[in-house]
Amino acid sequence: MSDTPGASRRPRKPGKPYRRPQKDPVRILAFEALRAVDERDAYANLVLPPLLRKAREKEGPEKFDARDAALATELVYGTLRRQGTYDAVIAACVDRPLREVDPPVLDVLSLGAHQLLGTRIPTHAAVSATVELARVVLGDGRAKFVNAVLRKVAQRDLDAWLAEIAPPYDKDPEDHLAVVHAHPRWVVSALWDSLGGGRAGIEELLAADNERPEVTLVARPGRATPEELLREEAAVPGRWSPYAVRLTEGGEPGAVEAVREGRAGVQDEGSQLVALALAHAPVEGRDRLWLDGCAGPGGKAALLGALAAERGATLLASEKQPHRAGLVAKALSGNPGPYQVIAADGTRPAWRPGTFDRVLVDVPCTGLGALRRRPEARWRRRPEDLDTFAPLQRGLLRTALESVRVGGVVGYATCSPHLAETRAVVADLLKRFPDTELVDARPLLPGVPDLGEGPDVQLWPHLHGTDAMYLALIRRTG
């Protein structure tokens, strides 16, 4: 009998010797990452790096090189991004509802479907490697099921499958786009509303969500320079932020000395632009005290702290969760000017009203603007999540408006373009605070095109190469 867990207990045919399954470290690691995402609601960008680091530290045939790491990363992220599409394909190839397929089996099938339909791996290699993976992690019996399903999947390429499983665009545009571009229907609808209609724009946005984003670094002023970061291999200047440097070939940020020392960090250019716009917004009178009211995990706080230091201003970084406040303190460690980090609830401020000259609240949200980086979020989020975030978002913006002095400016930011999390929140609070006015944010993002009619700003992956960050600047007038 095989000692492989879950192996078939049926007797083998006479004369057919048992062959141990061949372990493929790359695909086993990808499977482990997918299971962690599914079982623990983990995020791939948090699960994958330690798995890769451990694999690089191994000795012998299981030790990873750069190509192994790149393939494992593509298998994990590619499978997660197109999970909805692959589910529809697999559903057409099995004789039972997908909910009746064990989740580990479905993960293996999805990995195989991605290799067949989303990579250049030859068909025979994709099938055989996935069946071997199934033998290792599922056992011989279920490996036969995986083999049968993947052979059906392999009979068509992705375009042919989409023609079969996606409804025609003219009959159901949202469902068509949902299947073709692997987004839940409600997300397609919400993004379409935020864009303002038109097929070309929504298709470009959904396609951009399925592209692997470049790694973007930020040189923290007074601590590092873009010129230093540009000496790294495959590094090029950012598109919009003067402090941004892009690693164009999937470079490893941990290998960059300035990042290891905390003088630079990994930060999307959209997040950098939000911090820069708030820092450069005109205020009336003094400019000495700044607040980051939702500071975790610390990227924007580190940039704001450095910009504040250049003007002799002090930053207070507040974060509700103590462990995230610790991350903020780590990001700000070594800041060239004065700062303070506290663990406090932003809706129950630990400071007096009217204390600050500038306030940033990058509020918790659905994260629909960062689906390139967290592809599993699109399948995890539900429309009802909007109702959960709404009171918190309004509460944080209310506190921010109470915390800024007359003549000062508040920046309200989200990493979601959903109108319920952006303009609806701002419009609601402006009604409650009649002594406020919107500041045109567009001139504070110099050189950035396609910023719309203002005065608020919505960035987009397909137009700006950033996360879909939203920013509204609000000045207290009385």
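The values are calculated or read from the model by the stated rules, or taken from the named source; none is laboratory data. Just so we're clear, the structure is a prediction, and the values are computed from it rather than from any experiment. Using ideal geometry, Cβ is built from the backbone for each residue, glycine included, and neighbour counts are taken over all protein chains shown. Just so you know, the surface numbers come from the protein's heavy atoms only, side chains and all, with ligands and any DNA or RNA stripped out. Shrake-Rupley method; radii C 1.70, N 1.55, O 1.52, S 1.80 Å.
Below are the figures for this structure:
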read-out: Residues being assigned to a strand (DSSP E or B) and within 19 Å of the chain's Cα centre (by Cα) - total across region 215-255; value: 8
read-out: Residue within region 445-456 that is hydrophobic (A, V, I, L, M, F, W, C), out of contact with any helix residue (DSSP H, G or I) (no Cβ under 6 Å at 6 or more places or on another chain) and more than 25 Å from Val215 (Cβ to Cβ) present; value: no
read-out: Ala208 vs. criteria in contact (Cβ under 8 Å) with a residue 12 or more places away in the chain, of a type outside the set (S, T, N, Q) and in contact with a Leu (Cβ under 7 Å, 6 or more places away or on another chain); value: no
read-out: Of residues in region 149-170 being open to solvent by less than 50 Å² (accessible area, probe 1.4 Å) and over 28 Å from the mean Cα position of the chain (by Cα), the one nearest to Ala182 (Cα to Cα); value: Pro167
read-out: Conditions (1) open to solvent by 50 Å² or more (accessible area, probe 1.4 Å); (2) under 19 Å from Lys152 (Cα atoms); number of the one not met by Ala66; value: (2)
read-out: Counted residues, region 223-264 - those being among the aliphatic types (A, V, I, L, M) and surrounded by fewer than 17 Cβ atoms within 10 Å (Cβ to Cβ); value: 4
read-out: From the options Ala295, Ala317, residue that is touching a strand residue (DSSP E or B) at 6+ places or on another chain (Cβ under 6 Å), part of a loop (DSSP other than H, G, I, E, B) and open to solvent by less than 20 Å² (accessible area, probe 1.4 Å); value: Ala295
read-out: Subset tally (residues that are open to solvent by less than 60 Å² (accessible area, probe 1.4 Å) and over 24 Å from the mean Cα position of the chain (by Cα)) for region 453-472; value: 2
read-out: Search result, residues across region 256-276 that are assigned to a helix (DSSP H, G or I) and within 23 Å of Pro50 (Cβ to Cβ); value: Glu257, Ala258, Val259, Arg260
read-out: Count of region 196-222 residues which are open to solvent by 20 Å² or more (accessible area, probe 1.4 Å) and closer than 23 Å to Arg372 by Cα; value: 15
read-out: Subset of region 397-426 (residues that are open to solvent by 10 Å² or more (accessible area, probe 1.4 Å), assigned to a helix (DSSP H, G or I) and within 23 Å of Asp357 (Cβ to Cβ)); value: Arg398, Glu402
read-out: Residue list for region 320-355, restricted to those being hydrophobic (A, V, I, L, M, F, W, C) and part of a loop (DSSP other than H, G, I, E, B); value: Ala344, Ala350, Trp351
read-out: Residues satisfying the stated conditions in region 185-195, i.e. in contact (Cβ under 8 Å) with a residue 24 or more places away in the chain, open to solvent by less than 40 Å² (accessible area, probe 1.4 Å) and hydrophobic (A, V, I, L, M, F, W, C); value: Val187, Ala190, Leu191
read-out: Matching residues, region 59-75, being outside any helix (DSSP H, G or I) and within 13 Å of Leu29 (Cα to Cα); value: Glu62, Lys63, Phe64
read-out: Region 285-331, residues that are touching a residue at least 60 places away in the same chain (Cβ under 8 Å), charged (D, E, K, R) and over 23 Å from Arg398 (Cβ atoms); value: Arg286, Asp287, Arg288, Glu310, Lys330
read-out: Boolean, Asp362 is crowded, with 20+ Cβ neighbours inside 10 Å, more than 25 Å from the chain's Cα centre (by Cα) and either under 27 Å from Arg475 (Cβ atoms) or of a type in the set (Lys, Arg) (or both); value: no
